[in-house]
């Protein structure tokens, strides 16, 4: 049944994905809501609020009923002005939720009005809280590059950009610095990891990148934009597959088995594809299906791959396919209590909030 969830919790929505991109950039981030969406973002959908010492200025617009009904953008701008006087941010971002979606907020008009008043660059993201986190990340990246990326960039020749690196897809302790050093050792002069590096300057210099590497589907839209606008080529690249596969197997207390003739991997599409390539080194004759609940791009999918939309569809598929092993976030086990074969936990924060 469309939208019915009896076992799975809601996945992180698009507004949470957008907020994740802005978290470490040093801007003033406004969640355009009455308070509930901002609470979900800070309380459930952003792991850095629990562990990171880095500051992030995230506010709720605190829209009241009549503000929303009448579209009182002037009230929002007044609050933005007050916050900017106290924090002196380098830019401001306004992230949409169901409220502005319902009343038809003009984000372009809001951006222009805010920039006139604040004398700062303003990025608006027209998320509506009904889509999933990867779409929100993609929109946030795209609007950041449209706002800041300069045609005459100061990026040194030999700069590589990493797109799609957020803790909604990757562990907080993902070894990004190790990856940076590996790339520098390959004669790249500079590595910009968008969403991990602090500050907005890396976005300003993005037009001068020599190449971009897309590490999750949420970075693909921005990579295509940078290719169209600046001629920057890009590759799909998942850097941690071998280490992640070993860690997941070790944590499960199991070993890769030749009895795994049919395997399902559930995660972001590029993440799953990379793990499949690793598994095929050990199990070349096995059928390995990459499934996802998020974006799936035909160009990067094999014929047997599957995109899920509904909980009962997922249950029926697992029952019919009779997989010997499933790699997925452990929350998915709640929806398939009948599954009795090997299960390898593959944490996905956007799914379960577990690291």
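Values in this text are rule-based calculations from the coordinates and carry no lab data. Model, not experiment: these values are computed from the prediction. So basically every Cβ, Gly included, is an ideal-geometry build from the backbone, and we count neighbours across all protein chains shown.
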Taking only Cα atoms and a 10 Å spring cutoff, compute GNM fluctuations for the chain and point out the largest among 203, 11, 282. 282
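Counting DSSP beta bridges with both partners in the chain, what percentage is antiparallel, nearest 5?
Working: 1 of 38 bridges.
Percent antiparallel among DSSP bridges in the chain is about 5.
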Averaging the inverse of every distinct alpha carbon separation and then flipping it gives the Kirkwood radius. What is it for the chain, in angstrom units? 21.4
Using only Cα atoms, locate the centre of segment 166-202 and the centre of segment 19-49, then give the distance between them in Å, rounded to an integer. 22
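Let me have the 222 nm mean residue ellipticity of the chain computed from DSSP H runs of 4+ only, each contributing -39500 (n - 2.57), with the sum over all residues rounded to the nearest 500.
On the way: 15 runs with 142 residues, N = 355.
That comes out to -11500 deg cm²/dmol.
Can you tell me which of 184-194, 134-144 comes out highest on packing, and rank the rest after it, using the mean Cβ neighbours within 10 Å? Could you put the intermediate results ahead of the total?
Working: 184-194: 15.5, 134-144: 26.4.
Per-residue Cβ counts within 10 Å, averaged per peptide and sorted highest first, yield 134-144, 184-194.
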Divide, for segment 159-236, the radius of gyration over alpha carbons by 2.2 N^0.38 Å, where N is the residue count. 1.02
Extension gain, residue 201 back to residue 49 (0.36 nm per residue minus Cα-Cα distance, nm): 52.4 nm
Using a Gaussian network for the chain with springs between C-alpha atoms less than 10 Å apart, which of these wobbles most: 285, 231, 208? 285
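Relative contact order for the chain: what is it in percent, counting Cα pairs under 8 Å that are at least 6 residues apart? Could you put the intermediate results ahead of the total?
Values: 672 pairs, mean separation 64.7, N = 355.
Averaging sequence separation for qualifying contacts and normalising by length gives 18 percent for the chain.
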Distance between the C-alpha centers of segment 82-138 and segment 275-354? Whole Å please. 35
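Can you give the relative contact order of segment 241-352 as a percent, counting alpha carbon pairs under 8 Å and 6+ residues apart? Provide the component values of the computation, followed by the final result.
Working: 158 pairs, mean separation 30.9, N = 112.
That works out to 28 percent.
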Kirkwood Rh, Cα Rg: Rg to Rh for segment 308-355? 0.95
How large is log10 I(q)/I(0) at q = 0.17 Å⁻¹ when the Debye formula is applied to the Cα atoms of segment 74-227, each weighted equally and without solvent? -1.06
I need two numbers for segment 197-344: Rg to one decimal and Dmax as a whole number, Cα atoms only, in Å. 17.6, 53
Expressed in Å to one decimal, the Kirkwood Rh of segment 236-295 from all distinct alpha-carbon pairs is 11.9
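Quick check on segment 1-145: what does the Kirkwood estimate of hydrodynamic radius come out to from the alpha carbon pairs, in Å? Please list the in-between numbers first.
Working: mean 1/r = 0.0649 Å⁻¹.
Here the Kirkwood hydrodynamic radius works out to 15.4 Å.
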